[in-house]
Amino acid sequence: MKSNIRKRIFFLLIVFPFLQQMAFAQKVKGKETQTPKIIVGMMVDQMRWDYLYKYKARYGIGGINRLIREGFSCENTMIKHAPTVTACGHASVYTGSVPAINGIAGNDWYDREWKRFISNVEDSTSKAVGSKSTYSKSPNNLLVTTIGDELRLATQFQSKVVSVSIKDRGAILPGGHTANGAFWNNGNKFVTSSYYMEQLPDWAIKFNETDWQKKLMPNGWNTLYPINTYKLSNEDDKEYENSFKDEEKPVFPHTKAGLTGTPFGNTFTLEFAKRAIEGYKLGQGVYTDMLAVSLSSPDGIGHQFGTTSVEVEDNYLRLDKDLEDFFIYLDKKFGKDGYIYFITADHGGNQSPGFLQENKLPTGALSDKLVKDLNAVLEKKFERPKLVIAFANGQLYLNYEEMEKGNLKRDDLVSFIAKELKKERGVLYVFDNEKLSGATIPEPAKSMFINGYNAKRSGDILVVKSAGWKIGSMKGTSHSDWNPYDSHIPLVWMGKGIKPGKTNRTIGMTDIAPTVAAMLQIQMPSGCIGEVITEITDNK
């Protein structure tokens, strides 16, 4: 009897772990069928929502028009914070949070301890990898987790997360704290930081050895490149292009801006993204992986030429071809039902004030000497020098040391500054950031300013411009404001389980991360304030 009991116990000790392993394998196998092999998130820097449709008749069938045809478009997706700038937008999408919580208060901000401006991804404790710089960048200024971090945590770090961009902030902030790799551009080479690795992977080194400038633009920077140098996707496109005389075909007048200032920067980035997929074997493991891609070139083109320029049009026609090529790659690599893809933007862009003025629309430009002139008035009034020490993200930073020396009360100084600035044409509101909850600003602008105010990193006084206004030149595009031209962005989902359609319900940029979390059945990021887009999840 005792012998039989011992045999049974021995049998259970041997077999039970095996049964557990089988059960786990079945669970994992089930997980594979329910979740995609890879999530591909793409952000297009300065892509306004209307660009989905503005050039629709000229897009091919396999790029943006495929997104609209096969994907689900959240037509009324809005940014929930101001300032609407690159770093804030990238952080918000992947954390589901806002600057007030995630700490990314701008592309840069004035640091009172260091007494200077610092970059949103600045980190003196790490070193550049693949570059000769003596210091590098990291996500240390990001105070919360990203959806990629949560994916890594949920799978005991078995899922892989990789991010790619020309801009450092476009790679680092989406990648989060635990990314396997984040890569950005330096001199037409992709580099990284010792925060992630001690040396570039072999495949990245090989990529960098290619002269991409020569490969993508073999005839030099000053050549005019007709749109139809790219392979056309259908007969309608060919008929449309052939209807032009050669000299009438829209072109991009390239300058010596390099890859990063032309549409070819998009091609360059997407080529590297493909190499990253291959190099890290993304989408080939048991668990879902994530790739974050940010296309930075459209921002540089928009800033220089304005949103209604032929250069911007050219960029999106070429991007459409690049997206078609990228979708074909994803289809072949993972199968159409093997990945989920979403495309969105970090912010939009205003029309060029010069263009608005020519067409009798409200606009103007505030002087870039605004702070200098203001300090002169303040010194005359309060007999203290440089009472405003910095101006960033539409916010003034007060000089606390000079205020203390002059025994100046904050309320008195803020009140005087507000009265002075409101004399300026183009200044709509001036408010104390610490008292925004009681400010007489209509919604949604009020909530956007509150969400954008980080108590430790933002300025003291908020300066709100009139619609259509920018600081500096009347030329080119700017952004950072609460207005729809800066805050209304595209959001289209495509891939596994995504049914075609659209909604005009107001959706927030902060809703993207919790929606991905719901799809993957993992925890949302630690600072997330967004809500799940149920039109996506309930139809899967």
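Points worth noting:
- Note on I471 and A376: the extension gain reaches 32.3 nm, defined as 0.36 nm multiplied by sequence separation minus the Cα-Cα distance.
- Dipole of the chain, positive direction: furthest Cα of L462, T77, F157, with charges on the beta-carbon: F157
- Within region 305-345, trypsin sites (Lys or Arg not before Pro) in DSSP loop having at most 14 other beta-carbon neighbours inside 10 Å: K336
- Extending 7 Å from the Cα toward the beta-carbon at both D337 and F416 defines two label points whose distance is 7.1 nm.
- Taking the Cα centre of region 396-540 as origin and assigning +1 to Lys and Arg Cβ atoms and -1 to Asp and Glu Cβ atoms, the resulting dipole is close to 480 debye.
- Excluding the site residues themselves, the longest part of the chain lacking any GluC sites (Glu not before Pro) in a DSSP loop with at most 13 other Cβ atoms within 10 Å is 210-382.
- Ordering L52, N140, P385 by Cα displacement along the dipole of the chain toward the positive end leaves N140 in first place; charges were set at the Cβ atoms of Lys, Arg (+1) and Asp, Glu (-1).
- Ranked order, M524, M42 - accessible area, probe 1.4 Å, largest first: M524, M42
- Estimated dipole of the chain in Debye, rounded to 20 [Cβ of Lys and Arg +1, of Asp and Glu -1, Cα centre]: 1520
- Links that overshoot a 28 Å alpha carbon limit, given the list K435/K475; K189/K456; K167/K422; K54/K499; K115/K369: K435/K475; K189/K456; K167/K422
- Rounded, prolate or oblate (a/c below 1.5 giving rounded, otherwise prolate when a/b exceeds b/c) for region 331-393 by Cα gyration tensor: oblate
- Membrane-span-like helices in the chain (whole DSSP H runs, Cα extent of at least 30 Å along the helix axis, mean Kyte-Doolittle hydropathy of at least 0.5): none found.
- In this simple spin-label approximation, S133 and K435 carry label points 7 Å from Cα along the Cα→Cβ vector, and these lie 4.1 nm apart.
- Cα shape, the chain, gyration tensor, a/c 1.5 rule: oblate
- Net charge contributed by nearby residues that have their C-beta within less than 13 Å of P385 (K/R +1, D/E -1): +2
- W49, W469, W114, ranked by accessible area, largest first (probe 1.4 Å): W114, W49, W469
- For the chain, with +1 on Lys and Arg beta carbons and -1 on Asp and Glu, the positive-most of N483, G348, I328 along the dipole: I328
- In region 412-447, the trypsin sites (Lys or Arg not before Pro) that fall in loop regions by DSSP, at most 14 other Cβ within 10 Å: K422, K423, R425
- Three-way shape label, region 432-496, alpha-carbon gyration tensor, a/c 1.5: oblate
- Here the sum of -39500 (n - 2.57) over DSSP H runs of 4 or more residues, divided by the residues of the chain, equals -11000 deg cm²/dmol at 222 nm, to the nearest 500.
- Carbon/sulfur fraction of accessible area - the chain, other protein chains in place, 1.4 Å, %: 52
- For a label point 7 Å along the Cα-to-beta-carbon line of T537, residues of region 274-296 with backbone N under 13 Å: none
- Distance in nm between pseudo-label sites at R505 and Q34 (7 Å out along the Cβ direction from Cα): 2.3
- Part-to-part distance (alpha-carbon centres) for region 418-452 and region 268-322, which is given in Å: 35
- The residues of region 251-396 present an accessible area of 36 Å² per residue when probed at 1.4 Å with all protein chains retained.
The values are calculated or read from the model by the stated rules, or taken from the named source; none is laboratory data. From a predicted model like this one, the values you see are computed outputs, not experimental measurements. As a convention, Cβ positions derive from the backbone with ideal geometry for all residues, glycine included, and neighbour counts pool all protein chains shown. Keep in mind that these areas ignore ligands, DNA and RNA; they rest on the heavy atoms of the full protein, side chains included. Shrake-Rupley method; radii C 1.70, N 1.55, O 1.52, S 1.80 Å.
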